[in-house]
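Have a look at the structure below before the remarks.
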Amino acid sequence: MAEKRPETMERITTPELAEAFIAEQVEALKQQIGDKKVLLALSGGVDSSVVAALLIRAIGQQLVCVHVNHGLLRKGEPEQVIRVFRDQMNANLVYVDAVDRFLDKLAGVSNPEEKRKIIGAEFIRVFEEEARKQEGIEFLAQGTIYPDIIESKGVKAHHNVGGLPEDLQFALVEPVKFLFKDEVRVVGKQLGLPDTMVYRQPFPGPGLGVRCVGAITRDRLEAVRESDAILREEFAKNGLEGKVWQYFTIVPDFKTVGVQDGARTDAWPVVIRAVNTRDAMTATVENIPFDLLQHLTDRITHEVKGVNRVLYDLTPKPTGTIEWE
Ligand code: XMP
């Protein structure tokens, strides 16, 4: 039977309530873990970051965070995880550069579900290898949140990630499992995590991999990453960050003809997608001001290598899904 949030549990909406939750959890975590070690896959997303910060407060160096860079993260993300957790919070952080490993495995694979499976399976393999290198781990921490428990078709149900093998079955530590997303954010803010981490838009597990449509190539993946960084920068500058639910760029696997400096070009289009939704089951398209779209087009076509066109996806869900694959 699914676990239930205690009916008496107050909704965490203020810094004071967050502080009380943190104090209670820190005590409970100390009790549960004692002097043992805990392993956590730290993606840099809101949920795993909040779990990491809570555990750092409770058990400090007994927490081992593993950040796997699979090459499909947004620009600046691995650096931010290192800066926040290793440099500022003094966490015991293992950074794994697995970029080549993932991209080699994905080379030539164009089927979206196959791509997801490869990314999920490879992630488990890398994490398993790191777990085996650690001595004395007894617990595995996870950023499970309440919607993951109550919604069988929630966003995380997309994860095609299997589990760790039998001999690596640790006891679970899930300190935010009864919290809703907005509560996790209030707690994260109170724990001192930066706003860019706490108010992050949703980001799929397979990352930019599902936005580099078809078989991923390194140069096209860079076009996704660079155009995404420009879009995020411009949304922040124009007050759209935090207002629009999810926004990103897609680079399809075909080229079209263009012209630059008097010569014909053969390059990719970049598609911009910006949507609003409550639960990701349906979505509407953000009405981006036309001059911002023109400015984005100008920047992306001039700053991103291999791109000569920009398109705006006007499709709500249904009929389009939020991601392109
Ligand atoms: P779609 O494309 O199905 O997306 O309309 C709905 C929400 O789910 C996210 N998404 C994923 N999240 N792994 C994830 O963790 C995935 O494979 C995946 N595919 C889609 C998507 O970004 C949107 O927020």
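Rule-based calculations on the coordinates, nothing more; no lab input. Here the structure is a predicted model, which is why all the values come from computation and not from measurement.
Which of ASN92, ASN111, ASN287 ends up with the largest GNM mean-square fluctuation for the chain, with Cα atoms connected below 10 Å?
Per the Cα network of the chain with a 10 Å cutoff, ASN287 tops the list.
Fully extended, how many nm does the chain gain between ASN111 and THR297 (0.36 nm per residue separation, minus their Cα-Cα distance)?
On the way: separation 186, 0.36 × 186 = 66.96 nm, distance 2.90 nm.
Contour length minus the Cα-Cα distance gives 64.1 nm.
Using a Gaussian network model on the chain with a 10 Å cutoff between Cα atoms, which of ASP148, ASP291, ASP266 fluctuates the most?
Greatest mean-square fluctuation among the candidates belongs to ASP291.
Considering only GLY71, GLY44, GLY192, give the residue with the highest GNM mean-square fluctuation for the chain, with springs between Cα atoms whenever their separation is below 10 Å.
GLY192
List, in order, the whole-Hz ³J(HN,Hα) value for each residue of segment 12-20 obtained from phi through the Karplus relation with A = 6.51, B = -1.76, C = 1.60 and θ = phi - 60°; use x for Gly and Pro.
Per residue, the Karplus-derived 3J(HN,Hα) values read 7, 10, 10, x, 5, 5, 5, 4, 5 Hz.
If the viscosity is 0.692 mPa s and the temperature 37 °C, what Stokes-Einstein diffusion coefficient in µm²/s follows for the chain when Rh is the Kirkwood radius over Cα pairs?
Details: Rh = 21.1 Å.
Approximately 156 µm²/s, per Stokes-Einstein.
Can you compute 3J(HN,Hα) from phi for each residue in segment 213-228, using the Karplus curve 6.51 cos²θ - 1.76 cosθ + 1.60 with θ = phi - 60°, rounded to whole Hz and x for Gly and Pro?
3J(HN,Hα) across segment 213-228, in whole Hz: 4, x, 5, 6, 10, 4, 5, 6, 5, 5, 5, 5, 5, 5, 5, 4.
Counting only helical runs of four or more DSSP H residues, what would the 222 nm mean residue ellipticity of the chain come to if each run contributes -39,500 (n - 2.57) and the total is spread over all its residues? Write out the running numbers ahead of the final one.
Details: 10 runs with 121 residues, N = 325.
The helix-only estimate for the chain comes to -11500 deg cm²/dmol at 222 nm.
Karplus couplings for segment 133-148 from phi (6.51 cos²θ - 1.76 cosθ + 1.60, θ = phi - 60°), rounded to Hz, Gly and Pro as x?
6, 8, 9, x, 6, 10, 10, 10, 8, 9, x, 5, 10, 4, x, 5
Quick one: which residues, 5 or more positions from VAL307 or on another chain, have an amide H under 5 Å from its amide H? H modelled 1.01 Å from N in the peptide plane, none for Pro or chain starts.
Residues meeting the criterion, in which the H sits 1.01 Å from N, are TRP268.
Looking only at the chain, where both bridge partners belong to it, what percent of the DSSP beta bridges are antiparallel (to the nearest 5)?
Values: 13 of 36 bridges.
Once the DSSP bridges in the chain are tallied, antiparallel ones form about 35 percent.
What is the helix-to-structure angle for 181-190, meaning the angle in degrees between its Cα long axis and the longest Cα principal axis of the chain, kept from 0 to 90 and rounded to the nearest 10?
The angle comes out at about 70 degrees.
When a/c reaches 1.5 or more, the comparison of a/b and b/c decides; with that in mind, is segment 15-198 rounded, prolate or oblate per its Cα gyration tensor? Please list the in-between numbers first.
Details: a/c = 1.56, a/b = 1.43, b/c = 1.09.
Prolate, because a/c is 1.5 or more and a/b exceeds b/c.
If you wrap a convex hull around the alpha carbons of segment 108-240, what volume per residue comes out, as a whole number of Å³?
Values: hull volume 21.3 nm³, N = 133.
So the per-residue hull volume is 160 Å³.
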